[in-house]
1. Per DSSP H run of n ≥ 4, the term is -39500 (n - 2.57); total these for the chain, divide by its residue number, and report the mean residue ellipticity at 222 nm rounded to 500 deg cm²/dmol.
2. If you split all Cα-Cα distances of segment 97-159 into 10 Å bins from zero, what percentages do you get per bin, shortest first?
3. Quick query: amide H of G60 versus all other amide H atoms, modeled in the peptide plane; which residues come in under 5 Å with a sequence gap of 5 or more or a different chain?
4. Where does the charge balance sit around E144 when Lys and Arg score +1, Asp and Glu -1, over other residues with C-beta under 9 Å from its C-beta?
5. Within the chain, what whole-number % of the accessible surface is contributed by carbon and sulfur, with the 1.4 Å probe and all protein chains included in the calculation?
6. Between segment 91-132 and segment 42-62, how far is it from one alpha carbon centroid to the other, in angstrom?
7. Report the residue, chosen from R85, R94, R143, that carries the largest GNM mean-square fluctuation when the chain is represented by alpha-carbon nodes joined by springs under 10 Å.
8. Would you tell me the accessible area of Y122, worked out with a 1.4 angstrom probe on the heavy atoms of the protein chains, in Å² to the nearest 10?
Amino acid sequence: MAVVSPPASEIRALQPQDLDAVAALEAESYEFPWSRGIFSDCLRAGHPCWVLWVDGQIAGYGILSIAAGEAHVLNLCIGRQWQGRGLGRRLLMRLLDVIRWSGAERVFLEVRPSNPVAQKLYRTAGFTEIGRRPRYYPAQGGREDAIVMELVLRESDRS
């Protein structure tokens, strides 16, 4: 099997003019998407918000919350047409760099049990399951639990 290298890409801070494109990518990617207003609120609140550009367009984004020595990956998305090329890993690694630079010691996130690709990405980055949040996500015909994952950053990671 041939190894596919990621396409040339750039990661930069989300700008207000990116909100429409990010909201559109979110709507294409999820059955129950965040609204444009949620992204705008995250930006206004000062959350670290990043976009990944490939070939002149936004191919993905990541939203963090960092406070009191902890970080939370609120949203991480790579558009369907860009998946399977290592871009999710690249964006996650940049988000983890931002978290390390902030001095946070732990990173948390939630992921759907029905999303094994994301679970694998997080596990290979060192995240471990620490619990479940019952009925956390909206789903067809009801609610879906969330797998809660944590990554403990070593002191040597933050220097």
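1. Helix-only estimate at 222 nm: -8500 deg cm²/dmol.
2. For segment 97-159, the pair-distance distribution reads 21, 43, 26, 8, 1.
3. Correct list: L52, G79.
4. Summing Lys and Arg as +1 and Asp and Glu as -1 gives +2.
5. In the chain, the share of accessible area belonging to carbon and sulfur is 51 percent.
6. That distance is 17 Å.
7. R143
8. Approximately 20 Å² for this residue.
The values are calculated or read from the model by the stated rules, or taken from the named source; none is laboratory data. Keep in mind that what you see is a predicted model, and the values were worked out from it rather than measured. FYI the Cβ positions are ideal-geometry reconstructions off the backbone, even for glycines, and counts take in every protein chain you see. Remember, those area values only see protein heavy atoms, side chains included, never the ligands or the DNA or RNA. Shrake-Rupley method; radii C 1.70, N 1.55, O 1.52, S 1.80 Å.
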